[in-house]
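Worksheet: one structure, shown below.
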């Protein structure tokens with residue numbers, strides 16, 4: 001299944017890395033990833049990221065949506081930094097002027113949990129949330145290095 005990843009910026013988007021298997025939050029109509037933080041309006045699926053593509057940049061290995069700048073890892077090894085805070089969408093990619101950062105992401109859904117991101121957060125302790133964040137960081141690094 002292919003859905004849209006449309007950046008909301010301000011560290012309110014989900015990171016997507018090819019090969020990652022995790023819980024992802026999508027819109028209830030299954031058309032796009034949910035953006036905007038913890039909510040009762042999204043739908044949790046356990047899924048694997050199969051592919052990511054952009055109409056100009058082509059195939060993407062991963063998008064780290066963390067901090068003041070998002071990192072877009074292109075298939076050719078280039079990493080494009082995109083401002084996500086002061087000037088959302090401003091970037092350092094000199095060959096082209098990219099203004100549309102919408103991506104097509106192919107997901108393989110393994111399980112529909114029926115939860116929302118708010119439900120998931122309510123079930124976890126602060127320590128479990130922090131441990132999951134650390135595990136994701138290690139997993140993202142490993143997945144991006146092996147591609």
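The values are calculated or read from the model by the stated rules, or taken from the named source; none is laboratory data. Keep in mind that this is a model prediction, so the values were computed, not measured. Cβ sites come from the backbone with ideal geometry, for glycine too, and all protein chains shown count toward neighbours.
Looking only at the stretch 90-129, how many residues end up being in contact with a helix residue (DSSP H, G or I) (Cβ under 9 Å, 6 or more places away or on another chain), free of Cβ contacts under 8 Å to residues at least 12 places away in the same chain and either within 20 Å of residue 64 (Cα to Cα) or assigned to a helix (DSSP H, G or I) (or both)?
Of the residues in the stretch 90-129, 1 are in contact with a helix residue (DSSP H, G or I) (Cβ under 9 Å, 6 or more places away or on another chain), free of Cβ contacts under 8 Å to residues at least 12 places away in the same chain and either within 20 Å of residue 64 (Cα to Cα) or assigned to a helix (DSSP H, G or I) (or both).
Tell me whether the stretch 66-88 contains one or more residues that are modelled with pLDDT of 95 or more, closer than 16 Å to residue 23 by Cα, surrounded by 14 or more Cβ atoms within 10 Å (Cβ to Cβ) and within 17 Å of the chain's Cα centre (by Cα).
No, that holds for no residue.
Looking for something over 10 Å from the mean Cα position of the chain (by Cα), surrounded by fewer than 20 Cβ atoms within 10 Å (Cβ to Cβ) and modelled with pLDDT of 95 or more - is there at least one such residue anywhere in the stretch 89-100?
no
Across the stretch 1-24, what is the number of residues that are within 10 Å of the chain's Cα centre (by Cα) and in a strand (DSSP E or B)?
Within the stretch 1-24, residues that are within 10 Å of the chain's Cα centre (by Cα) and in a strand (DSSP E or B) number 4.
Here is a list of conditions, (1) surrounded by fewer than 18 Cβ atoms within 10 Å (Cβ to Cβ); (2) at pLDDT 95 or above; (3) under 19 Å from residue 139 (Cβ atoms), and residue 6 meets all of them except one; can you say which number that is?
(3)
Give me a count of the residues in the stretch 52-65 that are buried (at least 18 other Cβ atoms within 10 Å of the Cβ) and modelled with pLDDT of 95 or more.
Residues meeting the conditions: 8.
Which ones in the stretch 25-36 are part of a loop (DSSP other than H, G, I, E, B) and surrounded by fewer than 20 Cβ atoms within 10 Å (Cβ to Cβ)?
Result: 28, 29, 30, 31, 35, 36.
Right, residue 41: surrounded by fewer than 20 Cβ atoms within 10 Å (Cβ to Cβ) and within 28 Å of residue 77 (Cβ to Cβ) or not?
Criteria not met by residue 41.
Hey, does the stretch 46-64 have a residue that's under 27 Å from residue 145 (Cβ atoms), free of Cβ contacts under 8 Å to residues at least 40 places away in the same chain and part of a strand (DSSP E or B)?
Yes, there is a match, as at least one residue in the stretch 46-64 is under 27 Å from residue 145 (Cβ atoms), free of Cβ contacts under 8 Å to residues at least 40 places away in the same chain and part of a strand (DSSP E or B).
Tell me which of these residue 147 doesn't satisfy, since it passes every other one: (1) at pLDDT 95 or above; (2) within 30 Å of residue 77 (Cα to Cα); (3) surrounded by 12 or more Cβ atoms within 10 Å (Cβ to Cβ).
(1)
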